[in-house]
1. Which condition from (1) farther than 30 Å from residue 317 by Cα; (2) polar (S, T, N, Q); (3) buried (at least 23 other Cβ atoms within 10 Å of the Cβ) is the one that residue 67 breaks?
2. Within the range 219-249, take every residue that is of a type in the set (Lys, Arg) and more than 22 Å from the chain's Cα centre (by Cα) and give me the one that is surrounded by the most Cβ atoms within 10 Å (Cβ to Cβ).
3. Restricting the range 386-426 to residues that are assigned to a loop (DSSP other than H, G, I, E, B) and charged (D, E, K, R), which is farthest from residue 13 (Cα to Cα)?
4. Criterion first (at pLDDT 95 or above, in contact with a Phe, Trp or Tyr (Cβ under 8 Å, 6 or more places away or on another chain), charged (D, E, K, R) and buried (at least 19 other Cβ atoms within 10 Å of the Cβ)) does residue 393 satisfy it?
5. What pairs come out if I take residues in the range 223-242 that are modelled with pLDDT of 95 or more and pair them with residues that are polar (S, T, N, Q) whose C-beta lies under 7 Å away, six or more apart or interchain?
6. Search the range 60-86 for residues that are closer than 19 Å to residue 427 by Cβ and pair each with any residue that is of a type in the set (Ser, Thr, Tyr) when their beta-carbon atoms are under 6 Å apart and the residues are at least 6 apart or on different chains.
7. Cβ-Cβ under 6 Å, sequence separation 6+ or interchain: first residue in the range 297-315 and farther than 12 Å from residue 263 by Cα, partner crowded, with 21+ Cβ neighbours inside 10 Å and among the hydrophobic types (A, V, I, L, M, F, W, C). Which pairs?
8. Quick check on the range 334-356: of everything there that is of a type outside the set (A, V, I, L, M, F, W, C) and either in contact with a Leu (Cβ under 8 Å, 6 or more places away or on another chain) or crowded, with 20+ Cβ neighbours inside 10 Å (or both), which residue is farthest from residue 84 (Cα to Cα)?
Amino acid sequence: MTDLDLLLRAERVVLPDGVRPAAVGVCEGRIATVTSLDTPLPAARVVDLGEDEVLLPGLVDSHVHVNEPGRTEWEGFATATRAAAAGGVTTIVDMPLNSVPPTIDLRALRLKREIAGAKSRVDVAFWGGAVPESLGRLRELWEHGVSGFKCFLVDSGSPEFPALDLGQLEAAMHEIAAFDGLLIVHAEDSAVIEHHAASAGGPRYADFLSSRPRGAENLAVAHVIELARRTGCRIHLLHIASPDVLPMIESARHDGVRVSAETCPHYLAFAAEEIGDGATTYKCCPPIREGSAREALWRGLEVGALDLVVTDHSPSPPDLKCLDTGDFARAWGGISSLQLGLPVVWTEARRRGLGLDDVARWMSQAPARLAGLPAKGAIEVGRDADLCVLAPDEEFVVDPLRLHHRHPITPYAEQRLYGVVRSTWLRGAELDVDADPRGRLLQRGTS
């Protein structure tokens, strides 16, 4: 073996087959060897992790709303990827909304890539959008490397990104199945939500929760699964909040339906009973449900009914959160958490006796697989040397002013969390959030 550029040694390294002592050698940005801790290997730089540190694969967050171009005052590639790097995230996959234009055609994708390429501190891949206007033209985006196609079955909140009705959803699935693509779905039933919409107004969280009941998710997921069964399309269910859908997912897989599903840190950390009236920083859609739902989602992760955990980082300017009035009906539905996803999930996982190998599977390996990024997601020979050094037993209190996303708003403010990210490495180079951007733009399937 030629001399390595970098050798990292740690008593605890999270590998695909478990956690153990190891030395990880890096050459030209790739993992060249994973060997025993005491193996003598020549390297230009050797880094010995502390006894309190663990080496994890860099996280892959496949559900991030960067919002640039068009709504860069909400977020942007410079600030979003800075937050990602600070939180141990080495790859994000950008959602096709709420940017203007949304990523629903090749022109918009090229614009996104042009803007992101100059500003990104971590690697970035892209989802395309399936809206009524883009149906019949999805293959072109697929051939240009998007990871798949996002659609809504309910009002997205962005007029540039309208929802699909069930007929259009079936047409999209037929189209995508023809080239074996992937459709990712915000599954809430619009008719159910319209029926309950009148109860959404005002500052009471209970009223907001009742305006988007579990039934809206349950019915929409049932429709999506049945259409996937009929068309053969690969599908992924976004941000599951209702545990009622987990038996549907498991049953569909048993029948051969190609379906995966995710949940988010806020559904795993918070409970509706704990959210105060007017606390619009907690508003998201689907909403955070009861504590019993939270515990059922954790069981879903443990048994594999849910595949991955991603943030659904969906920021907005402070005025759109209606912090002054606390009106849940008018407040923007999105939670800012990109920098905090790892410690939030780890804090809750360790409380339940789960390990960092579980967290790495949910937050690195599975999202990389979903997005079609074979060089990402694991500490394994041949993959990119994307790494996170975590002090899992160190506590900190969330100070919004120390977060790097554009606006210092988060429901995690003043929360005490475990897991401090000591450093983040992208292709074998330690990231400095204040240094020049070095992220790359990724296409699905490239290694």
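The values are calculated or read from the model by the stated rules, or taken from the named source; none is laboratory data. Everything numeric in this text was worked out from a predicted model, so none of it was measured. Using ideal geometry, Cβ is built from the backbone for each residue, glycine included, and neighbour counts are taken over all protein chains shown.
1. Residue 67 satisfies every listed condition except (1).
2. Step one: filter the range 219-249 for residues of a type in the set (Lys, Arg), giving 229-230, 234.
If we keep only those that are more than 22 Å from the chain's Cα centre (by Cα) too, we end up with 229-230.
Numbers: 229: 16, 230: 13.
Per the criteria, the residue is 229.
3. Filtering the range 386-426 for residues assigned to a loop (DSSP other than H, G, I, E, B) gives 386, 398-399, 403-415.
Restricting the remaining residues to those that are charged (D, E, K, R) gives 386, 399, 406, 414.
On the way: 386: 13, 399: 29, 406: 32, 414: 30 Å.
So the residue we want is 406.
4. Numbers: at pLDDT 95 or above: yes; in contact with a Phe, Trp or Tyr (Cβ under 8 Å, 6 or more places away or on another chain): yes; charged (D, E, K, R): yes; buried (at least 19 other Cβ atoms within 10 Å of the Cβ): no.
Answer is no for this residue.
5. From residues that are modelled with pLDDT of 95 or more, the pairs are 236/260; 239/263; 240/263; 242/218.
6. 60/91; 60/364; 61/311; 77/120; 81/120; 85/424
7. From residues that are farther than 12 Å from residue 263 by Cα, the pairs are 313/64; 313/338; 315/74.
8. Filtering the range 334-356 for residues of a type outside the set (A, V, I, L, M, F, W, C) gives 334, 336-337, 339, 341, 343, 347-348, 350-353, 355.
Retained after the next criterion (residues that are either in contact with a Leu (Cβ under 8 Å, 6 or more places away or on another chain) or crowded, with 20+ Cβ neighbours inside 10 Å (or both)): 334, 336-337, 339, 341, 343, 347-348.
On the way: 334: 17, 336: 11, 337: 9, 339: 5, 341: 9, 343: 13, 347: 18, 348: 20 Å.
It comes out as 348.
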